[in-house]
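Following: one structure in structure tokens, then a few remarks.
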Amino acid sequence: MAEIDVRRLTAAARALMLAGRWAQAAGLLEDASAASPAERAVLAVAQAEVAVNQDFWIRTNLGSSALERASTAAADAAADPSVGFDLEFLRLKHDYTGELFGAAGDAPRFGPQGRDAEVIDRLASRAANLRASAPDRERAAAATFYAGLIEDNLRGDGEAARSIFASALTAAEEAGDDLTVSEALRHLGYHASEAGDAGQARQMWERSAEQRQRAGAVPYVLSQQLLLAGLARDTGDPDAARTVAREVGRWAHALGVTLLESQAAEIAGP
């Protein structure tokens, strides 16, 4: 049997995950054999990352059980501190997604109305702790971005969120983290659009799409292209909007990402 370094293996699985190939990523990790409890913990956390990501994009319900298995594996191992951080960050992402989509899980719900303020406070506190305890600049940038999401999408505090997103962007650029750069730009672009600056929004969203392409993050690219399509529609270019939306719809259908497929259909029209 061929032997592959566990870090290289998990990096390959993450690349498949970002490409929207969740079944292949999960299968690759499931077929791997750990040589030690520490390697078993790394693999289990990677499996949890795939499950949490899949839950977000195609509304499966795999994250909770995968996180439980990862917690058990990490407890049984003298794991690298970064593995413990990654596990706690995945828990935060999982809980944030659950709060954003709610029990129905059909579409995201934004703002504080109908939410428990204490739940939001706890999520914000966890994000702050992760920012403070991150073992490197890249992980700190990702945790900072999620702190911004909580303030923006759950608490509804756009002013605080913009400042946090700007900090996440700076940290991610310094770390060379293309995906978090793209995420921060996406949400800063939202705020530019809401302020009436379509030019700045377009600039940020185009750069965000490019960063996502560099990261090989296919569903993320499609999501970003939909923002650009919506902007084209709203600024007087409906033909371009429909063309982009129809292409995104075909890709989303192929990946099984029904949320993006339905959003694309709304823009593309009949």
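The values are calculated or read from the model by the stated rules, or taken from the named source; none is laboratory data. Computed from a predicted model, the values in this text were never measured in an experiment. Because the Cβ atoms are built from the backbone with ideal geometry, glycine has one as well, and the counts that use them run over all protein chains shown. For the accessible areas, the whole protein counts, side chains as well, though only heavy atoms, and no ligand, DNA or RNA atoms are used. Shrake-Rupley method; radii C 1.70, N 1.55, O 1.52, S 1.80 Å.
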* **In the range 28-71, GluC sites (Glu not before Pro) in a DSSP loop with at most 15 other beta-carbon atoms within 10 Å** => none
* Asked: Once you sort the root eigenvalues of the Cα gyration tensor of the range 71-226 as a ≥ b ≥ c, which label holds: rounded (a/c under 1.5), prolate (a/b larger than b/c) or oblate (the other case)?
  -> oblate
* **About the Cα centre, charge dipole magnitude for the range 88-166 (Lys/Arg +1, Asp/Glu -1 at Cβ), debye** => 180
* Structure fact -> Between Gly20 and residues 5 or more places away or on another chain, the pairs with built amide H atoms under 5 Å apart involve Val218
* To do: Count neighbours as other Cβ atoms within 10 Å of each site's Cβ, and list the chymotrypsin sites (Phe, Trp or Tyr not before Pro) in the range 78-129 that are DSSP loop with at most 15 such neighbours.
  => Phe110
* Between the range 86-138 and the range 215-257, how many Å separate their Cα centres? -> 27
* **Cut-off 18 Å (backbone N to label point 7 Å along Cα→Cβ of Ser125), residues of the range 66-95** => 88-89, 91-93, 95
* For the chain, what does -39500 (n - 2.57) per DSSP helix run (n ≥ 4), summed and divided by total residues, give at 222 nm, in deg cm²/dmol to the nearest 500? -> -25500 deg cm²/dmol
* For Arg250 paired with Ala166, estimate the spin-label separation in nm (one decimal), with each label point 7 Å from Cα along the Cα-to-Cβ line. => 4.2
* In nm, to one decimal, how far is the modelled label at Ala240 from the one at Gln24, with both set 7 Å along Cα→Cβ? -> 3.2
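Going by the alpha-carbon gyration tensor, a ≥ b ≥ c the square roots of its eigenvalues, is the range 149-199 rounded (a/c under 1.5) or, if a/c is not under 1.5, prolate (a/b greater than b/c) versus oblate? If you can, show how the numbers build up before the last one.
On the way: a/c = 2.31, a/b = 1.37, b/c = 1.69.
Note, shape of the range 149-199 comes out oblate.
Percent of accessible area on the range 169-267 owned by carbon and sulfur, 1.4 Å probe?
Values: 2130 of 4580 Å².
C and S fraction of accessible area: 47 percent.
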* Asked: Any idea how far the Cα center of the range 29-83 sits from the one of the range 141-198, in Å?
  -> 27
* Counting only protein heavy atoms, what percent of the accessible surface of the range 59-166 is carbon or sulfur at a 1.4 Å probe? -> 49
* Counting only heavy atoms of the protein chains, get the accessible area per residue of the chain (1.4 Å probe) and round it to a whole Å² value. => 49
* Size of the dipole of the chain about the Cα centre, Lys and Arg at +1 and Asp and Glu at -1 on the beta carbon, nothing else charged, in debye to 20? -> 320
* Asked: How large is the dipole of the range 148-203 about the Cα centre if only Lys and Arg carry +1 and Asp and Glu carry -1, each at its Cβ, rounded to the nearest 20 debye?
  -> 160
